[in-house]
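Let me begin by presenting the structure, written as structure tokens, before commenting on it.
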Amino acid sequence: MQPVYLTGHSRPVNQVKHNYDGDLLFTCSDDGTVCMYETLQLVRTGVFKINEACRSIDLTKDSKYMIAAATTVGVQIYDIKTGERKVSVQVPGVNAKMVSLSFGDKMVMCLYEFEKRSYIRIFDMQECFAGNTPKVEYEIQAGQDIVFTKAVWGPKNETIIISTTNGKLF
């Protein structure tokens, strides 16, 4: 194992993620970009302009789409091959913190804050591509004294495990 030094961002990097095959590496940053690197040569092969601080990214298993949590916009979905933004899904508030695709890439979860409360919204991926504003399949609201920090899909996409600032899991 050896350390790797990559350049590409001008502000703090928030997440580093490999695609399922391991041949691509993605980084997202507060500078409003997502950089894509070829893993073997460690060469930057693409830059996605999010135009907002990007806190979190996820990738479809077939490496066709990249999903980004743009701070004040919400969820943005990009075609990895062309770099084109395909879909933008608005969420209330100004602090989208995290996105995560379900197992099988059928649903996308967005964790965000609005009026000093944490929320998680779940959208159907197929509806995102239909061109309409996707309806919210599920919404989870945190209690008044609880702030959601991260969330992961549980087994068979039947549950969501949520971490909080006060040390509790839901």
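The values are calculated or read from the model by the stated rules, or taken from the named source; none is laboratory data. Predicted model only: the values in this text are computed from it and were never measured. Every residue, glycine among them, receives a Cβ derived from its backbone with ideal geometry; neighbour counts consider all protein chains shown. Heads up: the accessible areas ignore ligands, DNA and RNA and are worked out on the full protein's heavy atoms, side chains in. Shrake-Rupley method; radii C 1.70, N 1.55, O 1.52, S 1.80 Å.
Worth pointing out:
- Partnerless Cys - the chain, beta-carbon criterion under 4.7 Å: C35, C110, C128
- For the range 100-147, dividing the convex hull volume of the Cα atoms by the residue count gives 75 Å³ per residue.
- The relative contact order of the chain, computed from alpha carbon pairs under 8 Å that lie at least 6 residues apart in sequence, is 11 percent.
- Low-density loop positions, GluC sites (Glu not before Pro), the range 1-105 - DSSP coil, at most 15 other Cβ in 10 Å: E84
- Bridgeable lysines around K61 (alpha carbons under 25 Å apart, same-chain partners fewer than 8 residues away excluded): K17, K49, K81, K86, K97, K106, K135, K150, K156.
- Surface accessible to a 1.4 Å probe, per residue, for the residues of the range 32-152, Å²: 49 Å²
- Fraction of accessible area attributable to carbon and sulfur, the chain (%, probe 1.4 Å): 51 percent
- Length released on extending from R85 to K168, taking residue separation times 0.36 nm less the Cα-Cα span: 26.3 nm
- Inter-centroid distance (Cα atoms) of the range 117-170 relative to the range 10-55, Å: 24 Å
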